[in-house]
1. Give the range 89-128 a look and list any residue that's touching a Ser or Thr at 6+ places or on another chain (Cβ under 8 Å) and in a strand (DSSP E or B), or say none.
2. Restricting attention to the range 133-189, and to residues there that are among the aliphatic types (A, V, I, L, M) and without any contact (Cβ under 8 Å) to a residue 12 or more places away in the chain, which single residue is nearest to ligand 2 (Cβ to nearest atom)?
3. Restricting to the range 334-361, and then to whatever is more than 12 Å from L294 (Cβ to Cβ) and not in a helix (DSSP H, G or I), can you tell me which residue is farthest from ligand 1 (Cβ to nearest atom)?
4. Within the range 368-386, take every residue that is assigned to a helix (DSSP H, G or I) and near ligand 1 (Cβ under 10 Å from one of its atoms) and give me the one that is farthest from the chain's Cα centre (by Cα).
5. Out of F476, F424, which single residue is in the same structural domain as M300 (by TED's automatic domain parsing), buried (at least 20 other Cβ atoms within 10 Å of the Cβ), closer than 23 Å to I252 by Cβ and not β-branched (V, I, T)?
6. Going by the structure shown, is G209 under 22 Å from D109 (Cβ atoms) and either modelled with pLDDT of 95 or more or surrounded by fewer than 20 Cβ atoms within 10 Å (Cβ to Cβ) (or both)?
7. Can you pull out the residues in the range 40-65 that are touching a residue at least 40 places away in the same chain (Cβ under 8 Å) and either of a type in the set (F, W, Y) or within 17 Å of T167 (Cα to Cα) (or both)?
8. Which one of M434, M391 is touching a helix residue (DSSP H, G or I) at 6+ places or on another chain (Cβ under 7 Å), under 21 Å from G20 (Cα atoms), of a type in the set (A, V, I, L, M, F, W, C) and crowded, with 21+ Cβ neighbours inside 10 Å?
Amino acid sequence: MKILVAASEAFPFCKTGGLGDVVGALSQTFSRIDEHEVVLFLPRYRSAGQGAFSFKAVPGNFLIPVGGAIETASIAMVHWGKITVYFIENSKYFDRPGIYRSNFGDYEDNDERFVFFSRAVLEGAKFIGFKPDVIHCHDWQTAIIPAYLKTLYRIDSFYVKTAVVFTIHNIAYQGMFPKETLLKAGFTWVDFTPDRLEFYGGINFMKAGIVFSDAVTTVSPSYAEEIKLKAEFGRGLEGILKYRSADLYGIINGIDDEIWDPASDTVIRRGYDAKSFLKGKSSCKKSLQHECGLPENKDMPLAGVVSRLDVQKGLDLIAGIIPEFVDKIQFVILGSGDSSIAESFSALSKNFPACVFFKSGFDETLAHKIYAGSDVFLMPSRFEPCGLSQMIAMRYGSLPVVTRTGGLKDTVRYDGEPKDSNGFAIDAPTYTGMHSVLGHIVSLFKYRELWNAMVKNAMSGAYSWSKSAEEYLKLFAATIQKKSNL
Ligand code: ADP
Ligand code: GLC
């Protein structure tokens, strides 16, 4: 199969969260199965690759209409394992400090930036002569590619057999813009109807992906149900999702088990695995406590957080409850995003320096050390399409504390019996629920045999991409087949 993946992030080139992890690892996994030919298209942000890769220019350039203007696109490529990554270049749109935003908020021309990118992917594939059997698009930034294929490119012979699959990573970010964006993208008013691109008087990129793709997936079975059945999860798109429910699939994410492997992780103090983790984990905990200026106490549970600071993640709940547990639990928090959430954690670390450490920012190295050095990992999300952090935490033997929603519900088992559990779960992100589960953790931590049985369960879970990547490939094959029968 010839697979073209189009996305706005992919680790290790550019990442703001789980989307980047998934696009990078899943594309690599596709290329290792049955010799599928995989190319990945990304924007060439200023920080892309951070000097760690050698970019080779593809000679020439091509033109992309954006509104009334004509913009120039060029391509640089990087060979990455069996994949070739094509970076779309345009300095006006991508040569900036951030990926989506500056310190003052989202870039105001994000509609134009991703209109340009999406169309440049379709023109770029022609430019390099890669005729895909399937295009796999991710989240709103590339969600108008399916709309292009079914409108402007409908009779383009290059794409006549190409199937398109769209994956929703987070429906909370839909790419909603005023109706003028419709014209910038080159669509016509004929497409501006509620069953196509129109959404409350504007244009909604994610809706375009749902309406025009041959198949739609999201990143866990539970989230697939939640977004089509409940308005608070579907965020206005539940109707269209229900309409497309025959073509909507929930496929659980995996994690990159080479990057996230406590046995071979070179960043952490001492490696360990599921068979023998006691010495390794306690040495990683001690080293984390030392680095964070916390007392080196092995008998007090250490709770870690590595997160985007966003209302989605229920972090306000954690901030609210910390004062109740300062003499019973140590907290190490790493996060970037919302400044008011950051301020609340900064204040807590100033007030309780002996048990709360907070670092604001994005830090891959510290993230690894937190997963390895913590006993529990807090993730009481209000909604969670899948969540990778809880799986990474489990692989590192840090027991996740989650809410029963989306992918958290599908990956964390907690039924009261430690020997059958791999973490802790509460039904809803409430103060009472969180208070009671943390209280339980403080008591259970004293019963090391039970605790270690849970750690073993967590560490021996299957979190790799192999099974889910096969599910995607099966879906791609079926979608291509269906398309060729039309
Ligand atoms: P989301 O995509 O909603 O942010 P996920 O759990 O799917 O949540 O993925 C989060 C990914 O981003 C994980 O790899 C996590 O380790 C990483 N991450 C989140 N915040 C930070 C941060 N401040 N520093 C380093 N890594 C982070
Ligand atoms: C989103 C979701 C997260 C998911 C990630 C990768 O950022 O918030 O739950 O794991 O995408 O699919």
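The values are calculated or read from the model by the stated rules, or taken from the named source; none is laboratory data. None of the values given here were measured: they were computed from a predicted structure. Ideal geometry is used to build each Cβ from the backbone, glycine not excepted, and the neighbour counts take in all protein chains shown.
1. Across the range 89-128, the qualifying residue is only E89.
2. Looking at the filtered set, the residue picked out is V160.
3. Pass one, the range 334-361, residues more than 12 Å from L294 (Cβ to Cβ): 334-348, 350-351, 359-361.
Subsequent filtering for residues that are not in a helix (DSSP H, G or I) retains 334-338, 359-361.
On the way: L334: 5, G335: 5, S336: 4, G337: 8, D338: 12, K359: 8, S360: 8, G361: 6 Å.
Top of the filtered list is D338.
4. I370
5. Sole residue among the options that is in the same structural domain as M300 (by TED's automatic domain parsing), buried (at least 20 other Cβ atoms within 10 Å of the Cβ), closer than 23 Å to I252 by Cβ and not β-branched (V, I, T): F424.
6. Taking the combined requirement at face value, the residue satisfies it.
7. Answer for the range 40-65, where residues must be touching a residue at least 40 places away in the same chain (Cβ under 8 Å) and either of a type in the set (F, W, Y) or within 17 Å of T167 (Cα to Cα) (or both): L40, F41, L42, Y45, F53, F62.
8. Of M434, M391, the one residue that is touching a helix residue (DSSP H, G or I) at 6+ places or on another chain (Cβ under 7 Å), under 21 Å from G20 (Cα atoms), of a type in the set (A, V, I, L, M, F, W, C) and crowded, with 21+ Cβ neighbours inside 10 Å is M391.
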